[in-house]
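The values are calculated or read from the model by the stated rules, or taken from the named source; none is laboratory data. This one's a predicted model, so the numbers in the text were calculated from it and none came from an experiment. We place every Cβ from the backbone using ideal geometry, glycine too, and count neighbours over all the protein chains shown. Note: accessible area is taken over every heavy atom of the protein model, side chains too, but ligands, DNA and RNA are not part of it. Shrake-Rupley method; radii C 1.70, N 1.55, O 1.52, S 1.80 Å.
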Amino acid sequence: MATRPPRMALTVNKAHVAVDPDSEVICAAAVSPATSGDAAVAPALLGDLVEGQAGHGEGEDAGSGSGRVYGDSAYGTGAHLAWLDEHGLTPMVKAQTPTAPGGRFGKDQFRIDLGAGTVTCPARVEVAIRPARHGRGGGRARFGVACSVCPLRDACTTSPRGRVVTIHPDEAQLAAARARQRDPAWRADYRATRPRVERKLAHLLRRRHGGRRARVRGLLRVAQDFTLLAGAVNLARFAVLGVRSTASGWRVQPA
């Protein structure tokens, strides 16, 4: 009689944290399915910042200090950048640079004028943006016949129908983010801050903590277990910072 080994279903989840880069204290933690985008969890992680921005009075600068949000390109989606802008948070989030197959002209080499609703190619041919059918913004700019006689065709497209440039519904936010990250001061600030967050992720994934593998099943239970792990890592950080419990409350005391 032949027997088969039991089959096990492997569920993969992704863990996310929001970290204060100055104190390196974890402010929020969450877990999501591996198939979901990282940016979808960001609003839940940044809830305390949103509440803090809402507490600013009229005329106050709500986009500085605690309102700066850092993140890699996984969080640089158009929807997330628009959400940050809507809530008055300053995005220090990388946006992916558009590329084209074969090293051809990328989207960033086309001049997109959202106000006029036009796109101009490197050969200075201008076409109108056709709005998307679903009505959520964005659209496409089709160069069509103009590409057939263009001297730059080989460096732009291989399609017999000509080059098509897709306009994202949040194109304005994406373009602004790409422009910001070309600033040397922006890049220096980002490079100085990101290692602090990466170091905290390394603390969570230490073998002694078991952060690489879930100890329980089910998204809710995994999220609760990861939050408990984040709390334990914070306690270790509090000890390094010299935070001590006294009769009158918590205070910072050099270790």
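Brief remarks follow.
- Under the criterion of Cα pairs below 8 Å and six or more residues apart, the relative contact order for the range 84-216 equals 18 percent.
- Measuring only protein heavy atoms, the 1.4 Å probe finds K94 accessible over about 80 Å².
- Put simply, when 35-41, 24-30 are sorted by average Cβ atoms within 10 angstrom per residue, most first, you get 24-30, 35-41.
- Around D38: net Lys/Arg minus Asp/Glu count, Cβ-Cβ under 9 Å: 0
- Efficiency of FRET from Cβ geometry, Q96 and V164, R₀ 30 Å, rounded to 0.05: 0.95
- Extension gain, R133-E86: 0.36 nm per intervening residue step, less the Cα-Cα distance, totals 14.4 nm.
- Farthest toward the positive end of the dipole of the range 109-190, out of G115, G139, G162, is the Cα of G162, where the dipole comes from beta carbon charges about the Cα centre.
- The range 127-185 and the range 99-124 have Cα centres separated by 5 Å.
- Sequence-distant lysines (8 or more away, or on other chains) whose Cα lies within less than 29 Å of K14: K94, K200
- The range 62-147, relative contact order in percent, only Cα pairs under 8 angstrom and at least six apart counted: 17 percent
- In this label model, N13 and A188 are separated by 4.2 nm, measuring between points 7 Å along each Cα→Cβ vector.
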